[in-house]
Amino acid sequence: MTDRPGVGRLRWVGLAGTVLLAAGGFLAGARPGPAPATQAEALWGGTGGFRLGLLAYLAGLVLLGWAWWRLGPAASGRSASGARGQAAGGSGRLGRAVTGAGPGLRWVLVTGALWALPLLFAPPLGSRDGYAYACQGAVWLDGHDPYAVGAAAGGCPWLATVPSLWHETSAPYGPLALVVSAAAVALARAVTDSTDSQLLVAIGALRAVAVAGALLVAAFGPRLARACRVDPAAAAWLGLVTPLVAIHVVSGVHNDALLAGLVVAGLALAAGRPGRRPGTRAVRPVVAGVALGLAVAVKVTALAALPFAVLLAAVPGRPGGWRDGGWRDGGWRDGGWLVLGAVAGFAGLTGFTGLGTGWTGALADTGALAQWSSPPTGVGMAAGYLLRVLGVPGGYDAAVAVARLVGLGALLVVAAAVLVRAVRRAGDPRAVVGCAGVVLAATV
């Protein structure tokens, strides 16, 4: 519940926004038809209905963004007010009374679910990745190696729905992502014989998995927030009930949602207290490691979270961290159990599927694709276009390559510096998780 005037109305403003977004999806979204042939067609379409859908998309995004942004001060104010009440000696009644002035965790999560509801039944917005996932699953089910052949060579029945730059590209994802894609296609084939209907069922199943990833964040995010001394309602507002999650996860069907859910679960379990019963101490770090190993089996970039999870498991929350006896209390064993769980989770799934490590070679194929959504690549593309205007058309590829190399170097330097900072503050879960967030934001 929330006692602040006007906060309750934000729920319905946000819902109106997602209804408009869903309408935009039907009119101008990534509908199950041929992919646009050009960038201009993808951006502007060719019909009045498409442009009307773009207006609905924009209006819905403005409404949803405004409602979410206005909700933020109420959620964060709840945390700050509660902290002030406790600092003033009101750790009991005063802290609870002031804290109750803002929306609680349940209210925030229910609001997020309500906002997501219209998007569950609309075509994806702004992305055709879901169709590429379905093709990768179909390629594997039909007996081809998805790490060796692309959707075209593998005979995907929905090839026309996938952008042309992905036609010959092999799958760059880990074995868990391919298991999910294949399961979605297998379910679709079991439900209907119509190829068009199969695609709709497969996209629905992939969306259900993406929502399951968001539910993992909803389940383990509050535990991680409490371990970091952050109000769960404020954390849910910032990390889960956002326009980005609504569009990228619920609407866009991206497998990053499953990765995020597994990473949050792994970090939350790593930050928890060891089991007190004899013989149970290793359970928590092992399960945390398995969750992180499965996250790596979605996308290899999740590997960046592993060293921070080891710190959370190995060094109990205390002012001095590892310098105050964290390792001497057997924390090094907890860190070792976590690494063992991660290796076992990833290796077990890889062995079970029989896919091997072909995805490591497939990653090189994605490097040949120039996409502006990668910041270093985007900078290189901009420089390359400028060189073309200046009469140096051959400089485009070199500009992209140099920008990527500089970006990789900067990433390595920043990641190393952040990891050193996390080690120095290993007794503070909030600092360690914050450092993990910085590195993951740069890699995932």
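The values are calculated or read from the model by the stated rules, or taken from the named source; none is laboratory data. This is a predicted model, so every value here is computed, not measured. Note that we place each Cβ from the backbone using ideal geometry, even for glycine, and neighbour counts take in every protein chain shown.
Within the range 114-153, track down each residue that is in a loop (DSSP other than H, G, I, E, B) and of a type in the set (D, E, K, R).
128, 142, 145
Consider only pairs whose beta carbons are under 7 Å apart and that are at least six residues apart or on different chains; among these, list those whose first residue lies in the range 103-124 and is more than 23 Å from residue 62 (Cβ to Cβ) and whose second residue is part of a helix (DSSP H, G or I) and not aromatic (Phe, Trp, Tyr).
104/233; 105/222; 105/232; 105/233; 105/236; 109/218; 109/236
For (1) without any contact (Cβ under 8 Å) to a residue 40 or more places away in the chain; (2) outside the structural domain of residue 426 (by the TED database); (3) of a type in the set (A, V, I, L, M); (4) farther than 28 Å from residue 26 by Cβ, each residue gets a yes or a no:
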{"residue": "165", "(1), (2), (3), (4)": "no, yes, yes, no"}
{"residue": "172", "(1), (2), (3), (4)": "no, yes, no, yes"}
{"residue": "206", "(1), (2), (3), (4)": "no, yes, yes, no"}
{"residue": "216", "(1), (2), (3), (4)": "no, yes, yes, yes"}
{"residue": "228", "(1), (2), (3), (4)": "no, yes, no, yes"}
{"residue": "247", "(1), (2), (3), (4)": "no, yes, yes, no"}
{"residue": "251", "(1), (2), (3), (4)": "no, yes, no, no"}
{"residue": "256", "(1), (2), (3), (4)": "no, yes, no, no"}
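Kindly check whether there is at least one residue in the range 312-320 that is part of a helix (DSSP H, G or I), farther than 18 Å from residue 223 by Cβ, in contact with a helix residue (DSSP H, G or I) (Cβ under 6 Å, 6 or more places away or on another chain) and modelled with pLDDT of 95 or more.
First pass over the range 312-320, keeping only residues part of a helix (DSSP H, G or I): 312-314.
Then keep just the ones that are farther than 18 Å from residue 223 by Cβ; that gives 314.
Filter once more, keeping what is in contact with a helix residue (DSSP H, G or I) (Cβ under 6 Å, 6 or more places away or on another chain): 314.
If we keep only those that are modelled with pLDDT of 95 or more too, we end up with none.
No, the conditions are met nowhere in the range 312-320.
Could you say which residue among 143, 150, 221, 130 is within 26 Å of residue 349 (Cα to Cα), touching a Lys or Arg at 6+ places or on another chain (Cβ under 9 Å) and either of a type outside the set (Gly, Ala, Ser) or outside the structural domain of residue 433 (by the TED database) (or both)?
130
Yes/no per residue for (1) under 20 Å from the mean Cα position of the chain (by Cα); (2) under 19 Å from residue 298 (Cβ atoms); (3) of a type in the set (Val, Ile, Thr):
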position: 112; (1), (2), (3): yes, no, no
position: 116; (1), (2), (3): yes, no, no
position: 119; (1), (2), (3): yes, no, no
position: 126; (1), (2), (3): yes, no, no
position: 147; (1), (2), (3): no, yes, no
position: 160; (1), (2), (3): no, no, no
position: 184; (1), (2), (3): yes, yes, no
position: 203; (1), (2), (3): yes, yes, yes
position: 208; (1), (2), (3): yes, yes, no
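Does residue 419 satisfy the criteria of being surrounded by 11 or more Cβ atoms within 10 Å (Cβ to Cβ), in a helix (DSSP H, G or I) and at pLDDT 80 or above?
It is true that residue 419 is surrounded by 11 or more Cβ atoms within 10 Å (Cβ to Cβ), in a helix (DSSP H, G or I) and at pLDDT 80 or above.
Being more than 24 Å from the chain's Cα centre (by Cα) and not aliphatic (A, V, I, L, M) is the filter; apply it to the range 1-25 and report the residue that is modelled with the highest pLDDT.
By that ranking, first place goes to 12.
I need the full set of residues from the range 234-245 which are closer than 24 Å to residue 62 by Cβ and touching a residue at least 12 places away in the same chain (Cβ under 8 Å), in order please.
Scanning the range 234-245 gives 234, 236, 237, 238, 239, 240, 241, 242, 243, 245.
Looking at (1) out of contact with any Pro (no Cβ under 7 Å at 6 or more places or on another chain); (2) of a type outside the set (S, T, N, Q); (3) assigned to a helix (DSSP H, G or I); (4) surrounded by fewer than 22 Cβ atoms within 10 Å (Cβ to Cβ), which one does residue 226 not meet, given that it meets all the others?
(1)
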